[in-house]
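Working notes, beginning with the structure itself.
The values are calculated or read from the model by the stated rules, or taken from the named source; none is laboratory data. Nothing here was measured: the structure is a model prediction, and the numbers come from that model. Only protein heavy atoms, including side chains, enter the accessible area calculation; ligands, DNA and RNA are left aside. Shrake-Rupley method; radii C 1.70, N 1.55, O 1.52, S 1.80 Å.
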Amino acid sequence: MQEKNAHDHDVPSVNWQRDGCFGCGPANPNGLQLRFALGADGQSYICEFELGSSFVGPPGHAHGGIIATILDEAMGKANMLKSKVALTRRMEVEYFRPVPLEVPLVVEGRIERIDGRSLHNSGEIRNAQGIILARSRGTFVAIDANKMFARELERERNQPG
């Protein structure tokens, strides 16, 4: 099965000219620029990544807030499995082991269940040996992004360059 980049997945059009998302936006030079692909089973989104020294918390390891951000991004990408644009309502993170810097890591997000507009998702960060370093659960609320962000999108369309 050919992996598909999450930015190419068939989701409702939001007509954003530039994606400045801190987690995955290619237009954000200060962001993580995580690139997700559809998992081999077609039931999750996966990203392989490494964190540099600018994300340090404890010596040689990632700050907990960056770990939470990456897990939030993975769970958010999972919403694309149902062609939904959704915002985080709540999330919780379990930190099992310190997440090391400068080594290959994997984050995976999936949908666990759907209740109306609420999507209940999970995420995991694993090391190269497959050991789970952190896990999350979150609730996301499906939205119409073009309506919710209409003012900002119009402002963006009117900006030069």
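Overall, the accessible surface of the stretch 51-130 at a probe of 1.4 angstrom is composed of carbon and sulfur to the extent of 50 percent.
Put simply, the stretch 26-76 fits an ellipsoid with semi-axes of 22, 13, 10 Å; these come from the alpha carbon gyration tensor as the roots of five times its eigenvalues, largest first. Annotation for the stretch 58-128 versus the stretch 136-154: alpha-carbon center distance of 18 Å. Annotation: amide H of ILE143 within the under-5 Å range of VAL85, ALA86, LEU87, sequence separation 5 or more or interchain, hydrogens built in the peptide plane. Restricting the calculation to Cα atoms, the stretch 45-133 shows an Rg/Rh of 1.00 when the hydrodynamic-style radius is the Kirkwood one.
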